[in-house]
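Structure record follows, encoded as C-alpha cells.
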Amino acid sequence: MRKISKLFLVLVAILLLVTGCTSTDAPGVKGKEIITAKEALKIVSEENVVLVDAQKSSVYEDGHLEGAVNISRNDITTFAPFPNMLASAEKIAKVLGKNGISNDSTVIVYDDNNNMDAARLWWTMKVYGHQDVKVVSGGRKALLRAGADETSNIPEVAVAEYSIAETNSDMIASKEEVKSILNNPQDDVLLLDVRTTEEYNRGTIPGSIYFNYLYNNYDDGTFRPVRQIHTLYRDKGIVPEKTVIMYCKTSIRAAQTYLALYNAGYRNLKIYDGAWIEWSSDTSLPVQIPEGSSVQSNFQDGS
C-alpha cells in the first residue's frame with residue numbers, strides 16, 4: 001500500500017511539473033510583458049531601469065512623466081520603401097544608446113495612444129534581441145492616475161553603449177510570404193487584419209480574419225487580462241498552436257495586437273511590416289471586399 005501511495009505521489013509531481021512548464025499558454029495566466037501602472041512605479045526607480053515615453057516628440061516636450069526619456073515612432077521606423085517600417089539595427093542601436101539604454105537595461109515603455117506606440121517600441125526591441133522590456137498598460141493616463149508626477153523638464157541622460165548582434169526575422173513577415181500563403185493556404189497559418197471596420201470594409205487581404213486592435217483594451221485604455229484575450233481570440237479560431245500574421249495600415253496598431261497575444265502566451269506570431277499600404281499599392285495583388293460591405297467588390301486574382 002505504501003509503495004502504491006509513493007508511486008501515486010511521484011506521478012502527481014510529474015504531472016504538476018509538466019503542466020507548470022506549459023502554463024504560459026493557459027488562459028488566466030498572468031503575462032510578463034504588460035505591467036500595470038502601479039507595478040511600473042514600483043520598479044522605475046531601481047538601478048538600470050529606463051522609463052521611455054513613446055509619444056511624439058512635440059507631445060513629450062509639452063509634458064511627460066518625471067525622468068522619462070523620449071523615443072518616438074519616427075525614431076524607430078523608416079519611410080522607405082513604405083511608411084513606418086522597421087528601422088535598421090544601426091539606427092535602433094544609436095537611438096537606444098543615446099537615451100541611456102544599454103543591453104542589460106530594464107526598459108519600461110508607455111504612450112498615450114492606445115498602447116500602440118509603446119507596443120511598437122517593445123516589438124522593435126524584441127526583434128533586435130532585447131528581452132527585458134515591458135509596456136505599461138493604459139500608458140500615461142494610467143500612470144498619472146497611479147500617482148506619477150508629470151513635468152516638461154528634459155532629463156539629463158548619460159549616453160550608453162548598445163550593440164545589436166542579430167535580428168529575429170521570425171517575428172517579421174514579408175509580402176512574398178503573405179503571397180505564398182494565399183497561393184498555398186495552410187490550416188495552421190492565419191492572416192489577421194486589426195484595422196478599423198471602415199478600413200476593413202474598403203478592402204482586405206483575402207482570407208484575413210478581422211479583429212480590431214482596440215478590442216484588446218478596456219475603455220480606459222488598459223489592456224484586457226490574459227484570460228479575456230484568450231477567450232476573444234479563440235472565439236475567432238485564433239489559438240496558440242497556429243501561426244498568426246497580423247497587419248494594419250502600416251503595422252503600428254498590429255504591434256499592439258502582437259503584444260497582447262504574446263503576453264497571453266502566444267508565440268507563433270509575425271507582423272507583416274509592409275502592411276496594407278504595401279499590399280494595396282501593388283495592383284497585381286488580390287484585394288477582397290468583405291461580404292455585406294457597401295463598397296463595390298474589386299477582387300482580383302493574383303499569383
Return yes when residue 147 is under 30 Å from residue 278 (Cβ atoms) and in the same structural domain as residue 110 (by TED's automatic domain parsing) and no when it is not.
-> no
Result of the Cβ filter at 6 Å on segment 38-53, keeping first residues that are farther than 17 Å from residue 147 by Cα and in the same structural domain as residue 98 (by TED's automatic domain parsing) and partners that are of a type in the set (S, T, N, Q) and outside any strand (DSSP E or B), at least 6 apart or interchain, is 48/105; 50/105
Under 7 Å between Cβ atoms, at least 6 apart or on separate chains: pull out the pairs that start in segment 191-214 with a residue that is surrounded by fewer than 18 Cβ atoms within 10 Å (Cβ to Cβ) and end on any residue that is modelled with pLDDT under 95 and of a type in the set (Asp, Glu).
-> none
Check off (1) assigned by TED's automatic domain parsing to the domain that holds residue 190; (2) not small (Gly, Ala, Ser); (3) not in a helix (DSSP H, G or I) for residue 161 and give me the number that stays unchecked.
-> (1)
Hand me the list of helices (runs of 4 or more DSSP H) wholly inside segment 195-303 holding 3 or more residues that are closer than 20 Å to residue 180 by Cα, of a type in the set (Gly, Ala, Ser) and at pLDDT 95 or above.
-> 275-281
Is it the case that residue 167 is touching a residue at least 60 places away in the same chain (Cβ under 8 Å), surrounded by fewer than 18 Cβ atoms within 10 Å (Cβ to Cβ) and under 24 Å from the mean Cα position of the chain (by Cα)?
-> yes
Is there a residue in segment 130-142 that is hydrophobic (A, V, I, L, M, F, W, C), under 14 Å from the mean Cα position of the chain (by Cα) and in a helix (DSSP H, G or I)?
-> no
Unique match (being out of contact with any Leu (no Cβ under 8 Å at 6 or more places or on another chain), surrounded by fewer than 23 Cβ atoms within 10 Å (Cβ to Cβ), under 25 Å from residue 215 (Cβ atoms) and modelled with pLDDT of 95 or more) among 126, 94 = 126
Among (1) crowded, with 21+ Cβ neighbours inside 10 Å; (2) farther than 18 Å from residue 168 by Cβ, the one test that residue 245 misses | (2)
Is at least one residue of segment 88-110 of a type in the set (Asp, Glu) and in contact with a helix residue (DSSP H, G or I) (Cβ under 8 Å, 6 or more places away or on another chain)?
-> no
Of the residues in segment 171-194, those that are of a type in the set (Ser, Thr, Tyr) and assigned to a loop (DSSP other than H, G, I, E, B) come to 174
Tell me which residues, restricted to segment 46-69, are in a loop (DSSP other than H, G, I, E, B) and within 19 Å of residue 96 (Cα to Cα).
-> 46, 47, 48, 54, 55, 56, 66, 67, 68
Output the number of residues of segment 248-265 satisfying the condition of being surrounded by fewer than 24 Cβ atoms within 10 Å (Cβ to Cβ) and in contact with a helix residue (DSSP H, G or I) (Cβ under 6 Å, 6 or more places away or on another chain).
-> 4
Restrict the check to segment 225-241 and report whether at least one residue is surrounded by 15 or more Cβ atoms within 10 Å (Cβ to Cβ) and of a type in the set (Lys, Arg).
-> no
Pairing a residue in segment 280-303 that is β-branched (Val, Ile, Thr) with any residue that is modelled with pLDDT of 50 or more, where Cβ atoms lie under 7 Å and the two sit 6 or more apart in sequence or on different chains, gives 287/203; 287/280; 289/203; 295/201; 295/202; 295/289
Output the number of the condition that residue 80 fails; it satisfies all remaining conditions of (1) hydrophobic (A, V, I, L, M, F, W, C); (2) at pLDDT below 95; (3) in the same structural domain as residue 135 (by TED's automatic domain parsing); (4) not in a loop (DSSP other than H, G, I, E, B).
-> (4)
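The values are calculated or read from the model by the stated rules, or taken from the named source; none is laboratory data. None of the values given here were measured: they were computed from a predicted structure. A quick note on method: Cβ atoms are made from the backbone with ideal geometry, for glycine too, and the neighbour counts reach across all protein chains shown.
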